[in-house]
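Novice: I am attaching a structure below and will ask some questions about it afterwards.
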2 protein chains.
Amino acid sequence: MLDYRLLEALAAVIETGGFEKAAQKLHLTQSAVSQRLQQLERRLGQPVVLRSSPPVATPLGRRLNNHLQQVKQLELGLIEEAQDEPLKVRLTVNADSMATWLAEGLAASSLSSQMDFDLVVEDQEVGLNRMRNGEVMACICADSQAVNGGAVSPLGVLRYRALASPDFVERHQTRQYPHQLVEAPCLIFNQDDRLQHRFLEKLKLPAPKRQHRCPSSEGFVQMALMGLGYGMLPEIQVQDALKEGKLIDVAETFHLDIPLYWHYWQTESAALAELRRAVIEHASKVLNPVHPYSNKPDARS
Amino acid sequence: MLDYRLLEALAAVIETGGFEKAAQKLHLTQSAVSQRLQQLERRLGQPVVLRSSPPVATPLGRRLNNHLQQVKQLELGLIEEAQDEPLKVRLTVNADSMATWLAEGLAASSLSSQMDFDLVVEDQEVGLNRMRNGEVMACICADSQAVNGGAVSPLGVLRYRALASPDFVERHQTRQYPHQLVEAPCLIFNQDDRLQHRFLEKLKLPAPKRQHRCPSSEGFVQMALMGLGYGMLPEIQVQDALKEGKLIDVAETFHLDIPLYWHYWQTESAALAELRRAVIEHASKVLNPVHPYSNKPDARS
């Protein structure tokens, strides 16, 4: 059988991104952490972590960490019944869900008061990789493909609209002349955010020439409200601004529906299954229903 | 004289975190980027970047990048007058400023419509390091100490209050028995966020035993509104919730004032000086005034 003390040293190095931080987390010396990793590597005859800065798990290291996560999930089921310590729930989530609907979903679970949440806000690609590597218990993202050992529940779709302030729309005359959107400053969340490009493609327009990059969900809304640029915003995040006319569609009404999924482990414990059920139920009330024909997953973060 | 094509290859590798991405950015092949770095290293007789994943600048590499940034700032002054291309303004900012007051400050500048903002949201330590390394033109953070070649303007203070939903306060009876705050779930932004600890220290209480970690400014507010935990929130971010009684002080009224500073280069161009002036003026309206006695800088992010 594997020595799980060694696997926990590996997991701590991967999670914290350093030997020193891993040692702090485990209340060990740094050299004890190093020795555990070396011991693991001697037994397996292969490196599990590249000693770069930060250390990077090898494919074997990632598989081991993924396995550890599944074992921990199994243990949770045992432990939940035996103890009344708060349950640590670590999950990755896209920034817009965190800024809008997720907190209420978590609060909707009858068990949430007994859980300590460790929320990791990540681009969806990175979030799903953390799931794949076994760093988290669950992941909310737009990818419907389950990871190895995992399963997926659909949550609904987050609807995005291309919005800007009325003075911005007037200044750039984007309603009369949609091609002005190519020259007008466009808000993007980060370099992987393709939502605005997809909107322009729909209008048969090329990529925007001017961009403001703002990797903050709330900051993105503020930039739009202040007339600094236009961008794709989650409808549920700006309901009041839409009602009050502080944000309007930059061109013909257009929306992009981004599906969201809850990724979990097949070995999910009873408490996590309850949490998932509560989040799914809340999501079904606040998100738009999934289209009968599926939308290609896309990245905002 | 230094060959600035080589320095730009270095800067691109540091900024993008990889040779391949740097090559894309510069429209070069990856091997051309490698060759430029090797050439630079041969001339200087020292490595400028460690070939780890991601590549890490050596102290010499950082000094070169810092120097490049200052030269670019000087060039901006020339270029601003000669061209009407939008000016790329890259700055790091703490998450709470981005989520609250900054966008309006940027919009207040008469030149903002001619600027393309690249906003990097970072913990203050990381933000200031990016400034030190010459990766950004300006940095907003709580540290008053100018970097080498830089200068600092005070912006005002962001006032934080220890808040939770009324049902949370009632459930945990934190007003009658403040020591219950140690057992009640506490919201923290990330592991460097010490604001909640400082609040508990003020009440002569130890560190919180239960924590929810939520590295999203808006998500943090949502978690508090939903009664999942208590935490230090920027007063200007939750004015409406305070007025409507959806968030209340968890114990006796208490606030923590975090000073904010605009870090810039001494070689700042005229356009950036104008932007700084506009942001400072806006900040003086929306932030609280700096105390006569200075507050120790502290991290939220």
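Novice: Being crowded, with 22+ Cβ neighbours inside 10 Å and among the aliphatic types (A, V, I, L, M) is the filter here, so list the residues in region A:196-228 that pass it.
Specialist: Passing the criteria: A:Val221, A:Met223, A:Ala224, A:Leu228.
Novice: Shifting gears a bit: Do we have B:Lys21 as within 14 Å of another protein chain (Cβ to nearest Cβ) and within 17 Å of B:Lys72 (Cβ to Cβ) here?
Specialist: Taking the combined requirement at face value, the residue does not satisfy it.
Novice: Also: Which one of the conditions (1) surrounded by fewer than 23 Cβ atoms within 10 Å (Cβ to Cβ); (2) modelled with pLDDT of 90 or more does B:Glu135 fail to meet, given that it meets all the rest?
Specialist: Exception for B:Glu135: condition (2).
Novice: State all residues of region A:221-240 that are within 13 Å of chain B (Cβ to nearest Cβ) and either of a type in the set (Lys, Arg) or in a helix (DSSP H, G or I) (or both); if no residue qualifies, say none.
Specialist: A:Val221, A:Gln222, A:Met223, A:Ala224, A:Leu225, A:Ile236, A:Gln237, A:Asp240, listed by residue number.
Novice: Could you grab the pairs with beta carbons closer than 8 Å, sequence gap of 6+ or different chains, first residue in region A:18-34 and among the hydroxyl-bearing types (Ser, Thr, Tyr), second one surrounded by 14 or more Cβ atoms within 10 Å (Cβ to Cβ)?
Specialist: So the pair list comes out as A:Thr29/A:Ala23; A:Ser34/A:Phe19.
Novice: Could you check region B:79-191 for strands (runs of 3 or more DSSP E) lying wholly inside it with 3 or more residues that are under 25 Å from A:Leu119 (Cα atoms) and away from every other protein chain (no Cβ under 14 Å)?
Specialist: The qualifying strands (runs of 3 or more DSSP E) are B:150-164.
Novice: Among the residues of region B:35-74, write down those that are among the basic types (Lys, Arg), assigned to a helix (DSSP H, G or I) and more than 9 Å from B:Gly134 (Cβ to Cβ).
Specialist: Correct list: B:Arg36, B:Arg42, B:Arg43.
Novice: Given the criterion polar (S, T, N, Q) and within 25 Å of the chain's Cα centre (by Cα), identify the matching residue among B:Gln176, B:Gln191, B:Gln180.
Specialist: Exactly one residue qualifies, and that residue is B:Gln191.
Novice: Sticking with this one: Pick from region B:206-220 the residues that are more than 7 Å from chain A (Cβ to nearest Cβ) and of a type outside the set (Phe, Trp, Tyr): which of them is farthest from B:Cys186 (Cα to Cα)?
Specialist: Ranking the qualifying residues of region B:206-220, first place goes to B:Pro206.
Novice: Residues B:Ala32, B:Ala95, B:Ala22: which one is of a type in the set (A, V, I, L, M), modelled with pLDDT of 90 or more and in contact with a strand residue (DSSP E or B) (Cβ under 7 Å, 6 or more places away or on another chain)?
Specialist: Matching residue, one of B:Ala32, B:Ala95, B:Ala22: B:Ala95.
Novice: Answer yes or no: is there a residue in region B:156-179 that is more than 30 Å from B:Gly227 (Cα to Cα) and either surrounded by 20 or more Cβ atoms within 10 Å (Cβ to Cβ) or of a type outside the set (Lys, Arg) (or both).
Specialist: There is at least one residue in region B:156-179 that is more than 30 Å from B:Gly227 (Cα to Cα) and either surrounded by 20 or more Cβ atoms within 10 Å (Cβ to Cβ) or of a type outside the set (Lys, Arg) (or both).
Novice: Another question about this same structure. Quick check, is A:Leu2 part of a loop (DSSP other than H, G, I, E, B) and loosely packed, with under 15 Cβ neighbours inside 10 Å?
Specialist: Here the answer is yes, as A:Leu2 does meet what is asked.
Novice: In this structure, does B:Gly245 turn out to be within 12 Å of another protein chain (Cβ to nearest Cβ), surrounded by fewer than 24 Cβ atoms within 10 Å (Cβ to Cβ) and modelled with pLDDT of 90 or more?
Specialist: no
Novice: Scan region A:241-271 residue by residue and report those that are over 30 Å from A:Ser144 (Cβ atoms) and in a strand (DSSP E or B).
Specialist: A:Ile248
Novice: I've got another one for you. Would you mention how many residues in region B:248-263 are out of contact with any helix residue (DSSP H, G or I) (no Cβ under 6 Å at 6 or more places or on another chain) and buried (at least 24 other Cβ atoms within 10 Å of the Cβ)?
Specialist: Within region B:248-263, residues that are out of contact with any helix residue (DSSP H, G or I) (no Cβ under 6 Å at 6 or more places or on another chain) and buried (at least 24 other Cβ atoms within 10 Å of the Cβ) number 2.
Residue-wise test of (1) within 23 Å of B:Asn190 (Cα to Cα); (2) among the hydroxyl-bearing types (Ser, Thr, Tyr); (3) in contact with a strand residue (DSSP E or B) (Cβ under 7 Å, 6 or more places away or on another chain); (4) at pLDDT below 85.
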{"site": "B:Val250", "(1), (2), (3), (4)": "yes, no, yes, no"}
{"site": "B:Trp265", "(1), (2), (3), (4)": "no, no, yes, no"}
{"site": "B:Leu272", "(1), (2), (3), (4)": "no, no, yes, no"}
{"site": "B:Ile280", "(1), (2), (3), (4)": "no, no, yes, no"}
{"site": "B:Val290", "(1), (2), (3), (4)": "no, no, yes, yes"}
{"site": "B:Asp298", "(1), (2), (3), (4)": "yes, no, yes, yes"}
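The values are calculated or read from the model by the stated rules, or taken from the named source; none is laboratory data. All figures in this text were calculated on a predicted structure; none of them were measured in a lab. Cβ coordinates were reconstructed from backbone atoms using ideal geometry, including for glycine residues, and neighbour counts include every protein chain displayed.
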